[in-house]
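First the structure, in the form of structure tokens, and then the observations on it.
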Amino acid sequence: MRKLALSDEILLRLEKPARYIGNEVNAVVKDPQKVDIRFAMCFPDVYEIGMSHLGMQILYDMFNRREDIYCERIFSPWTDLDQIMREQNIPLFALESQDPIKKFDFIGITLQYEMCYTNILQVLDLGQIPLHWADRTEEDPIIIGGGPCAYNPEPLAEFFDMFYIGEGETVYFDLMDRYKENKKNGGSRREFLELASEIEGIYVPAFYDVAYKEDGTIKSMEPNNPHAKEKVTKQLVVTMDEAYYIEKPVVPFIKVTQDRVVLEVMRGCIRGCRFCQAGNVYRPLREHSLEYLKDYASKLLKSTGYEEISLSSLSSSDYSHLEGIVNFLIDEFKDKGVNISLPSLRIDAFSLDVMSKVQDIRKSSLTFAPEAGSQRLRDVINKGLSEEIILKGAGEAFQGGWNRVKLYFMLGLPTETVEDMEGIAELS
Ligand code: SF4
């Protein structure tokens, strides 16, 4: 029988034991003895949030399609388990094999938002892995940071052996091949890091001297190792239909934040809102073809048993085949009890028409994101929304049958004045 890292006695004391036992539908089982590389993919937040992240599911599937790699998952233990692990000296383990992660070759940590940075230290600490790269030895895993916050790596540079700048589908296999080759040749950790730093998109902090200005911004950054490049360039998927996509996402036993099939329709955003990290790091816009999405929608609903499918992108209204994919989903799946959800739509007549086809209007509210209360500040952040457009959108929504509208604003934008803040109340 499969042995769990936590005893029944501990599991029954926890708020949600299912966060820690693995073995969900579509979870991958391999013999750790029969692979060359053990990779722990970490989302440094609680299970329900991490399991809702599409990027992690894509990379998990991509790695595990290779026979020589066993990719497993780790998340931040909730405070109840954190305390027990510290009291009983239980090392952090991966969900699939339930083995301690300190035995692994790699730990890849996705950096989605800065609020999770302290959780990264929690994961390393509970994993019994030295926090700083300078203190790690040949016995320790290589710690990689990736995801959107890796584009600004310096605040975390002391804790990571390397950062992967760009989209995960691009250079990971090259990195893994170099690791395998180095291991076979009896090479050291440092030799592997040198090989890795030659790959476009890989940044190894140990190989750069960084000087700071008084205000904390970077003054200079010089490579101190001949293998390190002067400039690290982000790596992007060029043709979306040719990139890896999941066919069998892991389906959790418990309710998670994104409890549905997620179909990525495109990556990037054509809008240029100045405050938007995603809009900037995922440039340029790249779309999936309609045929590809039709195929994957059917495959994913079948392999998971989910009764809801969500179209995912930064700004779905800008997807050029939106009408085609929505009509396909309605025709194929609505009668089979599958709900369709369409987040990230701009509110205009076309979007309202599409949404009224797929949603129960009485139950749902519409969300606009004017972001700032005054036209002046909306212009500063390049939001591209006038008061007229916002009021027209709201008017069309009310006429279309919705009776609730949610508005998102941000406080604290650069140059903000009291008038801008008062503008929020006036517009609302
Ligand atoms: S439309 Fe949304 S995703 Fe696109 S740049 Fe603006 S805030 Fe970012």
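The values are calculated or read from the model by the stated rules, or taken from the named source; none is laboratory data. The shown structure was predicted, so the numbers you read here are calculated from the model rather than taken from an experiment. Ideal geometry is used to build each Cβ from the backbone, glycine not excepted, and the neighbour counts take in all protein chains shown. Note: accessible area is taken over every heavy atom of the protein model, side chains too, but ligands, DNA and RNA are not part of it. Shrake-Rupley method; radii C 1.70, N 1.55, O 1.52, S 1.80 Å.
Mind running the shape call on the range 40-80? Use the C-alpha gyration tensor, a ≥ b ≥ c as the square roots of the eigenvalues: rounded below 1.5 for a/c, prolate if a/b tops b/c, oblate otherwise.
The shape class here is oblate.
Kindly work out what percent of the DSSP beta bridges joining two residues of the chain are antiparallel, to the nearest 5.
DSSP beta bridges in the chain are roughly 25 percent antiparallel.
Taking only protein heavy atoms into account and a 1.4 Å probe, give the accessible area per residue of the chain in Å².
48 Å²
Could you pull out every Cys in the chain that lacks a partner Cys with its beta carbon under 4.7 Å away?
Result for the chain is 42, 71, 116, 149, 269, no neighbouring Cys Cβ within the cutoff.
Taking 7 Å along the Cα-to-C-beta vector as the label spot, tell me the residue 317-residue 87 distance in nanometres, rounded to one decimal.
In this crude label model, residue 317 to residue 87 measures out at 5.3 nm.
Quick check on packing: order 82-88, 53-59, 317-323 by the mean number of other C-beta atoms within 10 Å, highest mean leading.
Answer by packing, highest mean first, reads 53-59, 317-323, 82-88.
Could you give the distance between the Cα centres of the range 268-305 and the range 191-227, to the whole Å?
The range 268-305 and the range 191-227 have Cα centres separated by 32 Å.
Where the convex hull is taken over the Cα atoms of the chain, what is its projected area averaged over directions, in nm²?
23.5 nm²
Can you give the convex hull volume of the alpha carbon atoms of the range 333-404 per residue, in Å³?
For the range 333-404, the hull spanned by Cα atoms encloses 91 Å³ per residue.
Can you give me the % of accessible surface on the chain that is carbon or sulfur? Probe 1.4 Å, all protein chains present, nothing else counted.
52 percent
Which value at 222 nm does the chain reach when only helices count, each DSSP H run of 4 or more adding -39,500 (n - 2.57), with the total divided by all residues and rounded to the nearest 500 deg cm²/dmol?
The helix-only estimate for the chain comes to -9000 deg cm²/dmol at 222 nm.
Roughly how tilted is helix 79-88, in degrees to the nearest 10 and between 0 and 90, from the longest Cα axis of the chain?
Orientation of helix 79-88: about 10 degrees from the principal axis.
How would you rank 106-116, 381-391, 346-356, 201-211, highest first, on the average number of other Cβ atoms within 10 Å across their residues?
106-116, 201-211, 346-356, 381-391
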